[in-house]
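Below is one structure, written out as structure tokens; the observations come after it.
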Amino acid sequence: MSSFKAIVIRKGEAGQTVGLADFDESELMEGDVTLRVEWSTVNYKDGLAVTGKAPVVRRFPMIAGIDAAGTVETSNHPDWKPGDRVVVNGWGCGETHLGFYAEKARVKGDWLVPLPAGLEARDAMAIGTAGYTAMLAVLALERHGLTPDRGPAVVTGAAGGVGSVAVAILARLGWTVIASTGRPEEADYLKELGAAEVIARQELAEKVRPLAKERWAAGVDSVGSTTLANVLSMTRYGGAIAACGLAGGMDLPTSVAPFILRGVALLGVDSVMCPQHLRREAWQRLDTDLDRRKLAKMTEEIGLDGVVEAGRRIVEGQVRGRIVVKIG
Ligand code: NDP
């Protein structure tokens, strides 16, 4: 019986345990494609899973990891053959289906996206769910008809994964980017990524007024709660904010004022069940609209043995940019 290395989460009477372990190949779940995982990454949700801080994992034992880039080993799916280079994220992987901090994975072929021609597998995971979600958010703003001539774009949680990629993409597309961070020491980093202005997280953490001075036409929010409420109340007439995260909380203490008095729109962004045509569009746009040098600047590399510690750091808000995990 063959086995492979994986970050395995188990649940016992004493609670959840997590660690690097040998996983038996016969325990892989159903799927019509088997992958050799080469790279993965650490997202906020991975941090929640490995720390057990939120009930992300719904099945035990679970292999953590919601993102993979790798090569098809075997396939019974008509679209995929051995040797194909692919990216996969979401669809419950690392939550209800065994995930990707592992040398091997078995998934549904319908979940896979071809690795864009201009991207290495490592680049794809430096982008990962966080970066692809940032791109989905930008696509949502564009679908709403917003263009850089309408005014600046704000990015909250800017020094995090979604935030860093959002800053880099928006700047590349010509937006004047206002980056909000709780880490003033990261101001130079955010300016290198393309932020024109860096503001303190605290400015958006105060009591929310129904309407405040109009500051931006668009935004990507990965924080939620009071931050998102303030961002909405400061959005210019006809603007829109793409909401994708809850790093600051799941609540939203807003009023209807921004919506009914300024025609502001709140655009929801989900990466997990996002349909294939949007995924492919997002990955194609990441290929063309994300500066690789900036991506390299925001990325640190670890091995499988560093995942649990990185997961702890990310839920404490201590990770800057993105972390890639070298697997194979
Ligand atoms: P990161 O931890 O890398 O980034 C989150 C950032 O938010 C932090 O770096 C920090 O930025 C800021 N932050 C953290 N805690 C607080 C707080 N208490 N109050 C205000 N700001 C805070 O995580 P990711 O970029 O991977 O994910 C960001 C969020 O987006 C998460 O909530 C995640 O669950 C969500 N997400 C949602 C997806 C979807 O499908 N909708 C997909 C991917 C992510 P700074 O230090 O600059 O202030």
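Rg(Cα) of region 175-217 divided by 2.2 N^0.38 Å?
Normalised by 2.2 N^0.38 Å, the Cα Rg of region 175-217 equals 1.26.
Report the convex hull volume per residue for region 49-107, counting only C-alpha atoms, in Å³.
So the per-residue Cα hull volume is 84 Å³.
If you project the alpha carbons of region 225-328 onto their three principal axes, what span does each projection cover, largest first, in Å?
53, 32, 27
Output the antiparallel fraction of DSSP beta bridges having both residues in the chain, as a percent to the nearest 5.
55 percent
Please list the non-local residues whose amide H lies under 5 Å from the amide H of residue 205, H modeled 1.01 Å from N, same-chain partners needing a gap of 5 or more.
When sequence neighbours closer than 5 places are left aside, there are no close amide H contacts.
Tell me, what is the percent relative contact order of the chain, built from C-alpha pairs under 8 Å that lie six or more residues apart?
20 percent
Only Cα pairs within less than 10 Å get springs; with that Gaussian network setup on the chain, which residue of 139, 48, 261 has the largest fluctuation?
261
Enter the mean projected area of the convex hull around the alpha-carbon atoms of region 1-147, in nm², rounded to one decimal.
Hull-based average projected area comes out at 10.2 nm².
In terms of the ratio Rg/(2.2 N^0.38 Å) built on C-alpha atoms, what value belongs to region 191-284?
My calculation over the Cα atoms of region 191-284 gives 1.15.
Once phi is turned into ³J(HN,Hα) by the Karplus curve 6.51 cos²θ - 1.76 cosθ + 1.60 with θ = phi - 60°, what whole-Hz value does each residue of region 21-28 show in order, with x for glycine and proline?
8, 7, 10, 6, 4, 5, 8, 4
What is the Cα radius of gyration of region 1-84 over 2.2 N^0.38 Å, N being its residue count?
1.20
Kindly give Rg over Rh for region 285-328, based on alpha-carbon atoms, with the Kirkwood expression for the hydrodynamic radius.
Looking at region 285-328, the ratio lands at 1.04.
Among 233-245, 173-185, how do they line up from the highest to the lowest mean number of other beta-carbon atoms within 10 Å?
The peptides rank, most packed first, as 233-245, 173-185.
Can you give the translational diffusion coefficient of region 60-142 in µm²/s, computed by Stokes-Einstein from the Kirkwood radius over Cα pairs at 4 °C and 1.567 mPa s?
Roughly 96 µm²/s, to the nearest whole number.
Which three extents, in whole angstrom, do the alpha-carbon atoms of region 114-178 cover along their principal axes, largest first?
For region 114-178, the Cα extents along the three principal axes come out at 35, 23, 16 Å.
What is the distance in Å between the Cα centroid of region 216-232 and that of region 146-209?
11 Å
For all pairs of alpha-carbon atoms in region 118-220, what percent lies in each bin of width 10 Å, listed from the first bin to the last filled one?
That works out to 16, 46, 32, 5, 1, in percent per bin.
Over the Cα atoms of the chain, what Rg and Dmax result, in angstrom?
Over the chain's Cα set, Rg and Dmax evaluate to 19.6, 65 Å.
For a quick protection proxy, order the peptides 144-156, 88-100 by their average other-Cβ count within 10 Å, most packed first.
Ranked by mean Cβ neighbours within 10 Å, highest first: 88-100, 144-156.
Using a 10 Å cut-off on Cβ atoms, rank the peptides 34-40, 55-61 from the highest mean neighbour count down.
Highest mean packing first, the order is 34-40, 55-61.
What percentage of the solvent-accessible surface of region 174-328, computed with a 1.4 Å probe over protein heavy atoms, is contributed by carbon and sulfur atoms?
Accessible surface attributable to carbon and sulfur in region 174-328 totals 52 percent.
Over the chain, with the other protein chains present, what is the accessible area per residue in square angstrom, probe 1.4 angstrom?
Normalised by residue count, the accessible surface of the chain is 41 Å².
The values are calculated or read from the model by the stated rules, or taken from the named source; none is laboratory data. As the structure is a computational prediction, the values presented were derived from the model and not from experiment. Don't worry about glycine lacking a Cβ; one is built from the backbone with ideal geometry, like all the others, and counts go over all protein chains shown. Calculation scope for accessible area: heavy atoms of the full protein, side chains included, ligands and nucleic acids excluded. Shrake-Rupley method; radii C 1.70, N 1.55, O 1.52, S 1.80 Å.
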